[in-house]
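Novice: Before I ask anything, here is the structure I am working with.
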Amino acid sequence: MRIAVISDIHSNIYALDNVMSDIKNRNVDMVVCTGDLVGYGTRPNEVIHRIKEEKILTIMGNYDDAIGNLKIVCGCDYPDPKDAQKAGLSMHFTSQETTEENKKYLRSLPKEAVLTFNNKTIRFVHGSTRVINEYLKENSKEAEEVMNELVEDILVCGHTHIPYAKYYGEKLLVNGGSVGKPKTNKPDANYVIIDISDSNVKVEIIEVSYDFEKMAKEIEEDEILPNDFARLIRQGSSK
């Protein structure tokens with residue numbers, strides 16, 4: 001069983017289109033998205049349409065929750081007030097831009113899913129099993145705590161925008177990275193493929209190039225979105 005995991009698309013349809021084209025060439029059995037379809041980028045409706053069109057099993061991200069349920073904040077942890085202000089502008093733009101039908105779709109997304117393949121049970125979440133917006137960074141105390149409590153064989157998450165795979169004893173934690181707003185210091189989109197056989201589990205991290213300048217320029221041309229978002233897209237940076 002080969003599962004492609006995409007995450008954190010953040011309204012970047014150009015990255016999503018290229019990633020979906022790449023997935024179609026890799027003999028994948030199914031695609032799962034661990035959330036955050038919207039926010040930051042300029043094309044929330046197009047991203048949602050593509051996800052629905054492809055019939056992709058999608059977990060609710062904190063941005064999806066915020067926009068779908070008309071919340072004031074996105075639920076991210078921003079120690080710097082300037083970052084919080086920029087996130088507020090992103091929320092304002094995305095809320096205005098996203099259609100009522102698509103907000104209803106975002107509200108309908110499940111907060112987790114549990115699937116079993118080849119005697120391996122996988123739980124899919126956005127942040128963690130504890131809360132939607134918890135960061136399970138590689139080698140973090142939070143990740144260790146969550147994995148020590150995990151009942152399933154594999155936990156798949158997103159939210160950090162950095163893909164990785166790490167075993168905690170016999171249990172595996174996989175982060176799907178980010179399609180539309182990577183934080184790998186590269187502008188390329190990224191996602192993972194989990195290959196589950198009777199004998200073992202393999203995880204492949206894949207990078208996909210796309211026209212990031214097109215998204216960056218659209219952000220700069222918008223009157224609401226901060227120009228700094230364009231820099232983050234170009235650099236694949238978190239700050």
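Novice: Using the alpha carbons of the chain, what is the convex hull volume per residue in cubic angstrom, as a whole number?
Specialist: 108 Å³
Novice: Also, quick follow-up: Using 0.36 nm per residue of separation minus the Cα-Cα distance, give me the extension gain between residue 170 and residue 99 in nm, one decimal. Mind dumping the intermediate values first?
Specialist: Working: separation 71, 0.36 × 71 = 25.56 nm, distance 4.37 nm.
So the extension gain works out to 21.2 nm.
Novice: Please list, ordered by chain and number, the residues whose modelled amide H lies under 5 Å from the amide H of residue 121; skip anything fewer than 5 residues away on the same chain.
Specialist: 153, 154
Novice: Same structure, new question: Work from the charge dipole of the chain (Cβ charges, +1 for Lys and Arg, -1 for Asp and Glu, about the Cα centre) and give the residue of 224, 205, 155 farthest towards its positive end.
Specialist: 155
Novice: Given 24/111; 86/186; 52/82, which pairs have Cα atoms separated by over 32 Å? Walk me through the numbers on the way to the answer.
Specialist: Numbers: 24/111 26 Å; 86/186 22 Å; 52/82 34 Å.
Check vs 32 Å cut-off fails for 52/82.
Novice: Hey, what angle do you get for helix 44-53 against the long axis of the chain, alpha-carbon based, 0 to 90 degrees rounded to 10?
Specialist: 40 degrees
Novice: Note the angle between two axes, namely the Cα long axis of helix 13-23 and the longest principal axis of the Cα atoms of the chain, as a number of degrees from 0 to 90, rounded to the nearest 10.
Specialist: 20 degrees
Novice: For the stretch 13-153, report the % of Cα-Cα distances exceeding 23 Å.
Specialist: Details: 4126 of 9870 pairs.
Counting every Cα pair in the stretch 13-153, those more than 23 Å apart make up 42 percent.
Novice: Determine ³J(HN,Hα), in whole Hz, for all residues of the stretch 113-122 in sequence, where each value follows from phi through the Karplus function 6.51 cos²θ - 1.76 cosθ + 1.60 and θ = phi - 60°; x replaces Gly and Pro.
Specialist: With the stated coefficients, the stretch 113-122 comes to 8, 10, 10, 10, 9, 6, 6, 10, 9, 10 Hz.
Novice: Stokes-Einstein diffusion coefficient for the stretch 103-239 at 20 °C in a medium of 1.002 mPa s, Rh from the Kirkwood formula over Cα pairs: what value in µm²/s?
Specialist: Working: Rh = 16.3 Å.
So the translational diffusion coefficient is about 131 µm²/s.
Novice: Moving on. If I model a spin label at residue 198 and residue 49 as a point 7 Å from the Cα along the Cα→Cβ vector, what separation in nanometres do I get?
Specialist: My value for the distance between the label points is 4.6 nm.
Novice: Provide the per-residue ³J(HN,Hα) series for the stretch 184-190, in order, calculated from phi with Karplus coefficients 6.51, -1.76, 1.60 and θ = phi - 60°, each as a whole number of Hz, with x at glycine and proline positions.
Specialist: 9, 6, 9, x, 5, 5, 9
Novice: Roughly how big is the chain's charge dipole about its Cα centre, with Cβ charges of +1 (Lys, Arg) and -1 (Asp, Glu), in debye to the nearest 20?
Specialist: Values: 30 positive and 39 negative charges, 24 e Å.
That gives the chain a dipole magnitude of about 120 debye.
Novice: Could you pull out every residue, at least 5 positions away or on a different chain, whose amide H is within less than 5 Å of the one on residue 178? Hs are placed 1.01 Å off N in the peptide plane, and Pro or chain starts have none.
Specialist: The answer is 190.
Novice: Please list, in chain and number order, the residues 5+ apart from residue 58 or on another chain whose amide H is under 5 Å from its amide H, with Hs placed from the backbone.
Specialist: Counting only residues 5 or more places away or on other chains, the set is 33.
Novice: At q = 0.11, 0.26 Å⁻¹, what log₁₀ I(q)/I(0) does a Debye calculation on the Cα points of the stretch 150-226 give, no solvent, two decimals?
Specialist: Log10 of I(q)/I(0), two decimals: -0.39, -1.20.
Novice: Calculate, for residue 30 and residue 85, the FRET efficiency according to 1/(1 + (r/R0)^6) with r their C-beta to C-beta distance and R0 41 Å; round to the nearest 0.05. Don't skip to the answer; put the middle values down first.
Specialist: On the way: r = 39 Å, r/R0 = 0.95.
Plugging the Cβ-Cβ distance into 1/(1 + (r/R0)^6) gives 0.55.
Novice: Still on this structure: Which aspartates and glutamates does residue 181 reach when only Cα atoms under 12 Å apart count, and residues fewer than 8 places away in its own chain are ignored?
Specialist: Cα-Cα hits under 12 Å: 8, 36.
Novice: May I ask you to order 201-211, 119-129, 174-184 by the average number of other C-beta atoms within 10 Å around their residues, highest value first?
Specialist: Values: 201-211: 16.4, 119-129: 20.9, 174-184: 26.0.
The packing order, highest mean first, is 174-184, 119-129, 201-211.
Novice: Next question, about the same structure. So which aspartates and glutamates pass the test for residue 166, namely a Cα distance under 16 Å, with those fewer than 8 places away in the same chain ruled out?
Specialist: Within the straight-line limit of under 16 Å, residue 166 reaches these aspartates and glutamates: 138, 142, 144, 145, 149, 152, 153, 195, 204.
Novice: Between residue 145 and residue 186, what is the label-to-label distance in nm when each label sits 7 Å out along the Cα-to-Cβ direction?
Specialist: Each label point lies 7 Å from its Cα, and together they span 3.2 nm.
Since every read-out is calculated from the coordinates, none of them should be taken as a lab result. This structure is a prediction, so every number in the text was calculated from the model and none was measured. When we count neighbours, we look across all protein chains shown, and the Cβ atoms used for this are built from the backbone with ideal geometry, even at glycine.
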